[in-house]
1. Looking at L98, L46 in this structure, which one is touching a helix residue (DSSP H, G or I) at 6+ places or on another chain (Cβ under 7 Å) and either part of a helix (DSSP H, G or I) or not polar (S, T, N, Q) (or both)?
2. Inside the range 26-35, can you point out the residues that are outside any helix (DSSP H, G or I) and open to solvent by 50 Å² or more (accessible area, probe 1.4 Å)?
3. Evaluate the following for N106: is it at pLDDT below 85, in a helix (DSSP H, G or I) and open to solvent by 70 Å² or more (accessible area, probe 1.4 Å)?
4. If a residue has to be under 30 Å from Y5 (Cα atoms) and open to solvent by 100 Å² or more (accessible area, probe 1.4 Å) to count, how many in the range 78-92 make the cut?
5. What pairs can you find where one residue is in the range 7-20 and farther than 20 Å from K51 by Cα and part of a helix (DSSP H, G or I), the other is polar (S, T, N, Q) and at pLDDT 75 or above, and their Cβ atoms are less than 8 Å apart, with a gap of 6+ or different chains?
6. Just checking, which of F16, F72 is open to solvent by less than 100 Å² (accessible area, probe 1.4 Å), in contact with a Phe, Trp or Tyr (Cβ under 9 Å, 6 or more places away or on another chain) and of a type in the set (F, W, Y)?
7. Being over 21 Å from the mean Cα position of the chain (by Cα), without any contact (Cβ under 8 Å) to a residue 40 or more places away in the chain, in a helix (DSSP H, G or I) and surrounded by 11 or more Cβ atoms within 10 Å (Cβ to Cβ) is the filter here; which residues of the range 59-69 pass it?
8. Among (1) under 24 Å from T2 (Cβ atoms); (2) in a helix (DSSP H, G or I), which single condition is L38 missing?
Amino acid sequence: MTTNYIFIQAISIVTFMYIIRLIYAHKLRIGNSWLLFLLGMGFLVLTIFPKTINILCYMTGSTSWLSNILFFLIMFLFIIITHCTIMIKGLICRVKELGQQLAILNSEIDEKNSIKF
C-alpha cells in the first residue's frame, strides 16, 4: 500500500471515531449530524475501496490525490456552511415569533393589572 491509501485510511478511522464520540458525549445531536455521517461514510468508502481515489483523479482530471481530497473537503465545508445558514435563519424566525408572543403576554398582563386598580 502506498502512503496516500494509508493516509486516507487513518483519516477515515479518526473521523468516524470522532463523530461517534461526539454523539455519545451528547455534544452533537443525531438529527444534525447527518452531514458528518456523510463525510465519515465517504472516507469509509475510500478506505474500503482504495481504487476510488484513482477513479476520482481520472474523473476530475487531476494528477494529485491530495488535491481531489481537498477539493471534496472544501465542497463539504460549503455544504455545512449552507446548512448552518439555513438553521440560523430558522432560529432567527423562532426568536422573532417568541418576542412577539412575549410582547402580547406582557400587554395582557398590563391590561389585567390596570383593571384591578
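1. On the way: L98 fails: touching a helix residue (DSSP H, G or I) at 6+ places or on another chain (Cβ under 7 Å).
Matching residue, one of L98, L46: L46.
2. Matches in the range 26-35: H26, K27, R29.
3. Values: at pLDDT below 85: no; in a helix (DSSP H, G or I): yes; open to solvent by 70 Å² or more (accessible area, probe 1.4 Å): yes.
Answer is no for this residue.
4. 2
5. none
6. One residue alone meets the criteria, F16.
7. T60, S67
8. Status for L38: all satisfied but (1).
The values are calculated or read from the model by the stated rules, or taken from the named source; none is laboratory data. Because the structure is predicted, anything quoted here is derived from the model rather than measured. Methodologically, a virtual Cβ is constructed for each residue, glycine included, from the backbone with ideal geometry; neighbour enumeration extends over all protein chains shown. Keep in mind that these areas ignore ligands, DNA and RNA; they rest on the heavy atoms of the full protein, side chains included. Shrake-Rupley method; radii C 1.70, N 1.55, O 1.52, S 1.80 Å.
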